[in-house]
Structure formats: C-alpha cells, structure tokens
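Accompanying notes for the structure given below.
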Amino acid sequence: MTLRTLITFAAALALTASAALAATHGGDIVYEKPVKGVVFSHKIHVEEKGLSCDMCHNRLFEMGKVAQDKADFVMESLYQGKYCGACHNGTLAFASNSRCATCHIGVKGQKRLSNGDKQEKKGH
C-alpha cells in the first residue's frame with residue numbers, strides 16, 4: 001500500500017467516523033425563532049456531558065418535533081423550568097438566564113457555523 005493510498009484511506013475513514021458520530025448524537029440544532037442564531041449541540045450534551053437521549057426526549061422534547069414551533073418556546077418558559085430550563089437551572093447546569101452567548105450565537109455566529117467556522121471576508 002502506497003503512502004498516498006494510506007492517507008486517502010485514513011481521510012475517508014475519518015470523514016465516515018465523523019458522519020457516524022454526528023448521526024449518533026443528532027448533530028447541532030440552530031433555532032431561528034423566536035430569535036435567530038440559537039444553537040443546541042447534541043455533541044456537547046451527549047458525548048461531552050454523557051447525557052442519554054431519554055433524559056430530554058419524550059420528557060422535555062418530542063423526538064422529531066421542533067420545539068421552536070411551540071408558542072411557549074421562549075426564555076420565560078426556560079426560566080420556569082420548561083424545555084432547556086429543566087436542567088439549566090443554575091444547579092444541574094448553568095442557569096438559562098446566565099452565559100447567554102453560550103447558546104445565543106447570533107446571526108453572525110450562525111453564518112460561521114454554516115460556513116464550517118470560517119471567518120467571513122469583509123469588503124471595504
């Protein structure tokens with residue numbers, strides 16, 4: 001096996017593993033309402049924090065349903081312990097009324113995320 005073939009194989013394996021990993025934890029969700037640019041990372045919650053899917057799904061969030069379509073999917077509901085606020089209460093995880101920029105990445109952050117974290121070039 002040549003070095004070039006080995007490198008190509010390793011790259012393909014890495015991409016496949018990355019795609020499988022994203023499928024395993026569900027990938028990122030970027031909410032567009034009630035405000036744009038709010039990100040939820042399955043990777044952080046499942047892989048890094050070790051939470052199981054059923055800790056949220058079928059209890060706080062219905063599998064396959066989009067929470068942002070619900071009228072009460074607003075910060076006030078989180079403050080009252082609903083949705084993300086069930087854990088993000090300041091005891092179990094950081095409070096939903098603190099560290100805003102952790103989830104609220106804004107429109108520019110959303111663009112960076114969709115561009116693979118590349119900085120956008122600014123014109124003059």
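The values are calculated or read from the model by the stated rules, or taken from the named source; none is laboratory data. Every value quoted in this text rests on a predicted model; they were computed, and no experiment measured them. Cβ atoms come from the backbone with ideal geometry, glycine included; neighbour counts cover every protein chain shown.
Condition first: part of a helix (DSSP H, G or I), modelled with pLDDT under 85 and under 14 Å from the mean Cα position of the chain (by Cα). Now tell me which residues in the stretch 17-71 satisfy that.
Once the filter is applied, which keeps residues that are part of a helix (DSSP H, G or I), modelled with pLDDT under 85 and under 14 Å from the mean Cα position of the chain (by Cα), the stretch 17-71 yields Leu21, Ala22, Ala23, Thr24, His25.
Among the candidates Phe94, Phe40, Phe61, single out the residue that is among the aromatic types (Phe, Trp, Tyr) and in contact with a strand residue (DSSP E or B) (Cβ under 7 Å, 6 or more places away or on another chain).
None of the other options fit; the residue is Phe40.
Yes or no: Cys100 of a type outside the set (Lys, Arg), in contact with a strand residue (DSSP E or B) (Cβ under 9 Å, 6 or more places away or on another chain) and within 13 Å of Val38 (Cα to Cα)?
no
Just need a number here: residues in the stretch 31-58 that are touching a helix residue (DSSP H, G or I) at 6+ places or on another chain (Cβ under 8 Å) and either loosely packed, with under 15 Cβ neighbours inside 10 Å or farther than 27 Å from Val107 by Cβ (or both).
8
From Gly85, Gly109, Gly90, grab the single residue that is in a helix (DSSP H, G or I) and modelled with pLDDT of 95 or more.
Gly85
Does Gly85 fit the bill of being surrounded by 10 or more Cβ atoms within 10 Å (Cβ to Cβ) and under 15 Å from the mean Cα position of the chain (by Cα)?
Answer is no for this residue.
Within the set of pairs 6 or more residues apart or between chains, which connect a residue that is free of Cβ contacts under 8 Å to residues at least 60 places away in the same chain and closer than 16 Å to Cys103 by Cβ inside the stretch 43-54 to a residue that is hydrophobic (A, V, I, L, M, F, W, C) and part of a loop (DSSP other than H, G, I, E, B) with Cβ atoms less than 7 Å apart?
If the second residue must be hydrophobic (A, V, I, L, M, F, W, C) and part of a loop (DSSP other than H, G, I, E, B), the pairs left are His45/Leu51.
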